[in-house]
Amino acid sequence: MSFFVPPEVKGRRIISFTWQATVVFSVTAIVTAISPTLFFRVVAVTVALVFYALGMLVFLAAYLRSIGRSRYEVISVAGIYLMLGGVAPPAVRRSLYSALAVQIVVALATASVRPYTSLAFGVLVPLLGLALCGLWSSVCGTFPPRADAEAVVVDEEEPG
């Protein structure tokens, strides 16, 4: 379910999970917008809050992983979370950005159709899409090496 991504691309599981989460969120939000019964409202708010919490954890994991890589590679926040600067192949960027765009559109559309309801929590879900962009970049992204990478390793050695 990794739309538009060649099979040889690294990080296909992250891309697949991004689309799976997008589909689950979209279905629960749209069904709740169409039929706002108590059951569907509870399901929609639960999915939105779980994905938001998961997004915060993934965001932190991507950040910590990128900190580790920054000792040897030139890494920027825009490179990690927005995949700018040739970090990701165009197919990967297109797929992850598309999933993020779908999450944003569904969140805003369903929240605006039924304002002041549990669907408003859906606007938190795109954090997961952005965090998964960061996770893909921090795990599979290509960054230039640091010019002073050897100095970082030398500084770590304790005098003996």
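The values are calculated or read from the model by the stated rules, or taken from the named source; none is laboratory data. For clarity, every value in this text was computed on a predicted model and none was experimentally measured. Ideal geometry is used to build each Cβ from the backbone, glycine not excepted, and the neighbour counts take in all protein chains shown.
A few remarks follow.
- Identity of the residue in segment 6-23, part of a helix (DSSP H, G or I) and in contact (Cβ under 8 Å) with a residue 24 or more places away in the chain, that ends up nearest to Pro89 (Cα to Cα): Ile15
- Whichever residue in segment 28-46 is of a type in the set (A, V, I, L, M, F, W, C) and touching a residue at least 60 places away in the same chain (Cβ under 8 Å) and, among such residues, is surrounded by the fewest Cβ atoms within 10 Å (Cβ to Cβ): Val42
- Those residues of segment 108-128 which are within 14 Å of the chain's Cα centre (by Cα) and buried (at least 24 other Cβ atoms within 10 Å of the Cβ), in sequence order: Val125, Pro126, Leu128
- Tabulated pairs, segment 67-83, first within 23 Å of Ser98 (Cα to Cα) and surrounded by fewer than 16 Cβ atoms within 10 Å (Cβ to Cβ), second at pLDDT below 90 and basic (Lys, Arg), C-beta under 9 angstrom, 6+ apart or interchain: none
- Boolean, Arg94 is assigned to a loop (DSSP other than H, G, I, E, B) and either surrounded by fewer than 16 Cβ atoms within 10 Å (Cβ to Cβ) or more than 11 Å from the chain's Cα centre (by Cα) (or both): no
- Tally, over segment 81-113, of residues that are among the aliphatic types (A, V, I, L, M) and on the phi > 0 side of the Ramachandran plot: 1
- Residue in segment 77-90 that is under 16 Å from the mean Cα position of the chain (by Cα), assigned to a helix (DSSP H, G or I) and among the aromatic types (Phe, Trp, Tyr) present: yes
- Test result for Val50, surrounded by 14 or more Cβ atoms within 10 Å (Cβ to Cβ) and in a loop (DSSP other than H, G, I, E, B): no
- Unmet requirement for Val58, which otherwise passes all of (1) part of a loop (DSSP other than H, G, I, E, B); (2) modelled with pLDDT of 95 or more; (3) not basic (Lys, Arg): (1)
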